Amino acid sequence: MTLYICCCIHFHGRAAACPLPDSFIYCSTHTFNGSELKMRTVVPCLTILLVLAVGSAVHGCPPSERAALLAFRAALKEPYLGIFNSWTGDDCCNRWYGVSCDPVTHRVADINLRGESEDPIFERAHRTGFMTGYISPAICKLTRLSSVIIADWKGITGEIPRCITSLPFLRILDLIGNRLSGDLPADIGRLHRLTVLNVADNLISGSIPASLTALPNLMHLDLRNNKISGTLPRNFGNMRMLSRALLSRNQISGPLPASISRIYRLADLDLSLNQLTGKIPEFMGRMAVLATLNLDGNKFYGNIPPSLLVSGISNLNLSRNYLTGELPDVLGPRSYFTVLDLSYNNLKGRIPKSISEASYIGHLDLSHNHLCGPIPSGAPFDHLEAASFVFNDCLCGKPLKPC
């Protein structure tokens, strides 16, 4: 077996890389013959045969990703804080505000630009951020992005780039607090790694894409305060990892899909101030970890499911609907409510005495119904004000007028 070993010798104390006019490359040939090692020749070479480079090269972000970031920046205008002043130099991984890179690959991994921040830049200016422009599709050239946070800038307009769904490693998409319009991308279900989708407080319209339910890892969904219409997808419950679903202040209509009952991790469901209809399903009170249920400001009708009052729900708001019938007389020691708001409905009958058996009720509102009869004594009624009972047919007793 023959082994070629080459080394570069520098003269005159120079440290430049080979070849130099006064440098030599010595190539030695070693032959292994059994146990005997014979060195044949050592030939000085002025022509490079092999260069072995050992050094600590400086690794920056790829030029293509730097170019993509600069194109992204060119579509935005931030006149007050100067947060883009740091976006200079060849290495976008080195102190570019809001940009983070993978320490191994040096690819851009995170964009975190938040207009309401505790960063010293904001503190020195004594103001929150304001940015105009749009989100350039150039952002989609950063194919290793894990999180995109462009939040609370108040003036960013345009649509969410359709190509955003081509980012295979995206886990967080947070665009809250801008003026984005248009629909949610129809194929958003391609983002299989997505755990957070937050586009609240924008001008998003259209319906909820059916492909949204194909996101197996989504845990936080926030679509509040937009112009989203249509119905909730029938397979909404396919998002089994969902723990928070916040969809209030939209124009969503139709009934609650039965598949919601399969989201066993769901702890916070806010569908208030929409146009939902139908009866409130009994299964809502049997969901394992549901703690907050806000259905106020819709068009639900029928009776209040008794299961809601003996469940683990501690914040229950069913106000401003068309609910009828009597209050279920089922409360007991398992009933614990920080908020129980049933106001502005068509409930009738007496206030059940079992409410006094609840372990705790912090805020109770039964106003604007058709209730009648004496208000029970004791907790929680002894700390409630008249506003909790006004505008009923014939309620009486403390804190209202005597019976």
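Evaluate E = 1/(1 + (r/R0)^6) for D187 and V339, where r is the Cβ-Cβ distance and R0 equals 51 Å; express this FRET efficiency to the nearest 0.05.
On the way: r = 38 Å, r/R0 = 0.75.
Efficiency for this residue pair is about 0.85.
Tell me, what is the FRET efficiency for T195 and D329 to the nearest 0.05, using R0 = 56 angstrom and their Cβ-Cβ distance as r?
Details: r = 42 Å, r/R0 = 0.75.
So, using R0 = 56 Å, E works out to roughly 0.85.
If you roll a 1.4 Å probe over the heavy atoms of the protein chains, what accessible area per residue do you get for region 179-320, in Å²? Walk me through the numbers before you get to the answer.
Numbers: 5340 Å² over 142 residues.
Accessible area per residue: 38 Å².
For the pair F130 and T88, how long in nm is the line joining their label points, each one 7 Å along Cα→Cβ?
About 2.6 nm, to one decimal.
If you roll a 1.4 angstrom probe over the protein chains with everything in place, what fraction of the accessible area of the chain belongs to carbon and sulfur, to the nearest %?
Details: 10710 of 19900 Å².
Carbon with sulfur: 54 percent of the solvent-accessible area.
Hey, rough spin-label estimate for S259 and Y80, points 7 angstrom out along Cα→Cβ, what's it come to in nanometres?
Those two pseudo-labels are separated by 4.3 nm.
Output the Cα-based Rg and Dmax of region 251-353 in Å, rounding Rg to one decimal and Dmax to a whole number.
Expressed in Å, the Cα Rg and Dmax of region 251-353 come to 12.8, 38.
So in the chain, what percent of DSSP beta bridges are antiparallel if you round to the nearest 5? Don't skip to the answer; put the middle values down first.
Values: 21 of 79 bridges.
Percent antiparallel among DSSP bridges in the chain is about 25.
So if I take the centroid of the Cα atoms in region 302-371 and the same for region 231-262, what is the distance between those two points in Å?
Taking the Cα centre of region 231-262 as reference, the centre of region 302-371 is 23 Å away.
Ordering C394, C61 from largest to smallest accessible area (1.4 angstrom probe), what's the sequence?
Values: C394 55, C61 10 Å².
Correct descending sequence by accessible area is C394, C61.
Below 8 Å between Cα atoms, with a sequence gap of 6+, how large is the relative contact order for the chain in percent?
Numbers: 1035 pairs, mean separation 24.3, N = 403.
Once divided by the residue count of the chain, the mean separation gives 6 percent.
Looking at region 81-207 only, what percent of DSSP beta bridges run antiparallel? Nearest 5 please. List each step's numbers first, then the result.
Numbers: 3 of 21 bridges.
If I count the DSSP bridges inside region 81-207, around 15 percent turn out antiparallel.
Which length gain, in nm to one decimal place, applies between R286 and H370 when the Cα-Cα distance is subtracted from 0.36 nm times their residue separation?
Working: separation 84, 0.36 × 84 = 30.24 nm, distance 2.81 nm.
That pair, R286 and H370, stretches by 27.4 nm at full extension.
Enumerate the whole-percent occupancy of each 5 Å bin, from 0 to the last occupied one, for all C-alpha pair distances of region 89-150.
Taking all Cα pairs of region 89-150, the binned fractions are 4, 15, 22, 24, 19, 12, 4, 0 percent.
Using DSSP to call loops (not H, G, I, E or B), can you name the trypsin sites (Lys or Arg not before Pro) in region 231-324 whose Cβ has at most 16 other Cβ atoms within 10 angstrom?
R234, R240, R265
Fully extended, how many nm does the chain gain between C396 and S243 (0.36 nm per residue separation, minus their Cα-Cα distance)? List each step's numbers first, then the result.
Values: separation 153, 0.36 × 153 = 55.08 nm, distance 4.15 nm.
Result: 50.9 nm gained on full extension.
Which length gain, in nm to one decimal place, applies between N303 and K279 when the Cα-Cα distance is subtracted from 0.36 nm times their residue separation? Before the final figure, lay out the partial values.
Numbers: separation 24, 0.36 × 24 = 8.64 nm, distance 0.76 nm.
Separation in residues times 0.36 nm, less the Cα-Cα distance, equals 7.9 nm.
Could you check the simple spin-label distance between A210 and N112, using points 7 Å along Cα→Cβ, in nm with one decimal?
With each label point 7 Å from Cα toward Cβ, the separation is 3.8 nm.
Would you work out the charge dipole size for region 161-247 about its Cα centre, treating the Cβ of every Lys and Arg as +1 and the Cβ of every Asp and Glu as -1, and quote it to the nearest 20 debye? Please report the intermediate quantities before stating the final value.
On the way: 10 positive and 5 negative charges, 28 e Å.
In total the dipole reaches around 140 debye.
Using the Kirkwood radius over C-alpha pairs as Rh, can you work out the diffusion coefficient of the chain via Stokes-Einstein at 4 °C, viscosity 1.567 mPa s, in µm² per second?
Rounded to a whole number, D works out at 49 µm²/s.
With N set to the residue count of region 346-403, report its C-alpha Rg divided by 2.2 N^0.38 Å to two decimal places.
Working: Rg = 10.3 Å, N = 58, 2.2 N^0.38 = 10.3 Å.
With N residues counted in region 346-403, Rg over 2.2 N^0.38 Å equals 1.00.
With the radius of gyration and the Kirkwood radius both derived from the Cα set of region 298-403, what is their ratio Rg to Rh?
Details: Rg = 12.5 Å, Rh = 13.5 Å.
Radius of gyration relative to Kirkwood radius: 0.92.
The values are calculated or read from the model by the stated rules, or taken from the named source; none is laboratory data. Note that the structure is predicted; figures quoted are calculated from it, not measured. Positions of Cβ are backbone-derived with ideal geometry, glycine not excepted, and every protein chain shown enters the neighbour counts. Quick note on the areas: whole protein, heavy atoms, side chains included, nothing else; ligands and nucleic acids left out. Shrake-Rupley method; radii C 1.70, N 1.55, O 1.52, S 1.80 Å.
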